[in-house]
Amino acid sequence: MNKLIIKNATELVTCKGNAPNHGSAPKKGTEMSDVGIIKNGAVVIEDGIIVAVGATNEILSKFDEKNYEVIDAANKAVLPGFVDSHTHLIFGGYRADEFSWRLRGDTYMSIMERGGGITNSVRATREESLENLVEIGRKRLHKMMQFGVTTVEGKSGYGLDMDTEIKQLEAMKILDAEEPIDIVSTFLGPHSVLPEYKGKEDEFLDFMINNVMPVVKERNLAEFADIFCEKNVFTVDQSRRFLKAAKDMGFKLKIHADEIVQLGGAELAAELGAVSADHLLQASDKGIQDMAKAGVICSLLPITAFSLKEEYARGRYMIDNNCAVALATDLNPGSCFSNSIPLLIAVSAIQMKLSIEEIITALTINAAAAVNRADSIGSIEVGKKADIIILEYPSIHFLPYHVGVNIVETVIKNGKIVKL
Ligand code: NIG
Ligand code: FE
């Protein structure tokens, strides 16, 4: 049996709340400030599962260290592994040229309207074999793990046809089985409208709903469905139709909402009971209040706003209005070619004015809830998976303070050390 004790952690950051269901529900509003720190804490792990959590002296009086592998975390902080709950990690090709055009003043949407953007990545992704996509994805997953990410969400959406959508999802299934990191997959068939479908968006949605979606379901290739609800992409009505069909087929829902233009994607997410609405840079006051009431997680992707030179989503206002906020990287080849958790933390703290406690909640238990895994990951609690990270420094306050630097020293996935 694989047995491990982590002891003497200066800060053991459990991310457990006080309410009875906090181990399996996202935290809203002021609850996000409670990260449940145990000073001089210890965790006992057996066969990949957390079996005890508490003060080191109490734990060591009940469990004999001699029977365990021991990690001494003196002068270190110990946290749940981070969950990156919104990425597009499987794609072929790159769009560095578009980034340089944006630096010179072009906008993301103007490049898309000229036939660039997602269309370019679709072309490149269609050309890659399944094997190549798996190897490209593997490298990206390894980089994510270096930053302490132990679960990641990944989307299709660079195929926009049957074969390539399925190929992307298959690549994620293979990687989920082969790599220590867990992958939660999302079917994002309606990610963009190719030139041949301009003006025929409804026809394209019919194809996605009637042809591709049933195959994804049958082969159990995705748990979530998602759509890019945006001006000049898919309208609110089209998004409602697609997401309702997905819900009827048994998918949980996500939506790329109110990113560039305020269309009402946030309101739609609340109406349909989506698990999360993502981006939300332009979400209206009403949309935010609707999401708080409906329990939709606001998934904010500030590195995308940073890369696009857009205003950040109103994270502070959302938390102050009792929303549950999650933070994710949005790694993708276009709007945000970054999987950097340190950059995400820096921007969230310095620019969006979130506290480090709120940021940690947003990257752990709330992100776990955003991928429907809050019952098994996202906090250090008895019965949960031992997905745990150890920082090089004694306090969570070093995360924003050591600006943009990775201070994750050790990553433990399912009770096993994967990075030293
Ligand atoms: O989440 N906004 C739509 N989709 C992605 C960008 C995809 C791309 O540009 O390749 C996003 O930002
Ligand atoms: Fe995205």
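The values are calculated or read from the model by the stated rules, or taken from the named source; none is laboratory data. Here the structure is a predicted model, which is why all the values come from computation and not from measurement. Virtual Cβ from ideal backbone geometry, glycine too; neighbours counted across all protein chains shown.
Things to note:
- Selection from segment 230-248 of residues that are closer than 17 Å to Y197 by Cα and more than 16 Å from ligand 1 (Cβ to nearest atom): none
- Pairing residues of segment 391-417 that are surrounded by 15 or more Cβ atoms within 10 Å (Cβ to Cβ) with residues that are of a type in the set (S, T, Y) and not in a loop (DSSP other than H, G, I, E, B), at Cβ distances under 7 Å and at least 6 apart in sequence or on separate chains, gives P394/T10; S395/T10; V411/T150; K413/T150.
- The set of residues in segment 359-383 being assigned to a loop (DSSP other than H, G, I, E, B) and under 8 Å from P80 (Cβ atoms) consists of T364, I377, G378, S379, I380.
- Among the numbered conditions (1) over 23 Å from L344 (Cα atoms); (2) without any contact (Cβ under 8 Å) to a residue 40 or more places away in the chain; (3) in contact with a strand residue (DSSP E or B) (Cβ under 8 Å, 6 or more places away or on another chain), the only one that C298 does not meet is (1).
- Any strands (runs of 3 or more DSSP E) falling wholly within segment 22-90 and containing at least 1 residues that are under 26 Å from the mean Cα position of the chain (by Cα), among the acidic types (D, E) and crowded, with 22+ Cβ neighbours inside 10 Å: 82-84
- Matching residues, segment 322-353, being hydroxyl-bearing (S, T, Y) and either part of a strand (DSSP E or B) or within 16 Å of ligand 2 (Cβ to nearest atom) (or both): T329, S335, S338, S340
- Any chance A222 is part of a strand (DSSP E or B), closer than 24 Å to L169 by Cα, aliphatic (A, V, I, L, M) and at pLDDT 95 or above: no
- Residue check, I319 away from ligand 1 (no atom under 16 Å from the Cβ), more than 23 Å from P342 (Cβ to Cβ), in a helix (DSSP H, G or I) and β-branched (V, I, T): no
- Whether a residue is of a type in the set (D, E, K, R), assigned to a helix (DSSP H, G or I) and modelled with pLDDT of 95 or more was assessed, and E311 does not pass this test.
- Of everything in segment 155-172 that is of a type in the set (S, T, N, Q) and within 16 Å of I183 (Cβ to Cβ), the residue that is nearest to ligand 2 (Cβ to nearest atom) is S156.
- Scope segment 350-379; condition among the acidic types (D, E) and crowded, with 24+ Cβ neighbours inside 10 Å; matching residues: E358
Yes or no, residue by residue, for (1) assigned to a loop (DSSP other than H, G, I, E, B); (2) away from ligand 1 (no atom under 12 Å from the Cβ):
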position: G250; (1), (2): yes, yes
position: K254; (1), (2): no, no
position: L263; (1), (2): yes, yes
position: E267; (1), (2): no, yes
position: A270; (1), (2): no, yes
position: K286; (1), (2): no, yes
position: A305; (1), (2): no, no
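- Of the residues V325, V347, V382, the single one that is modelled with pLDDT of 95 or more and surrounded by fewer than 17 Cβ atoms within 10 Å (Cβ to Cβ) is V382.
- Every residue from segment 149-198 that is aromatic (F, W, Y) and either under 18 Å from the mean Cα position of the chain (by Cα) or surrounded by 24 or more Cβ atoms within 10 Å (Cβ to Cβ) (or both): Y158, F187
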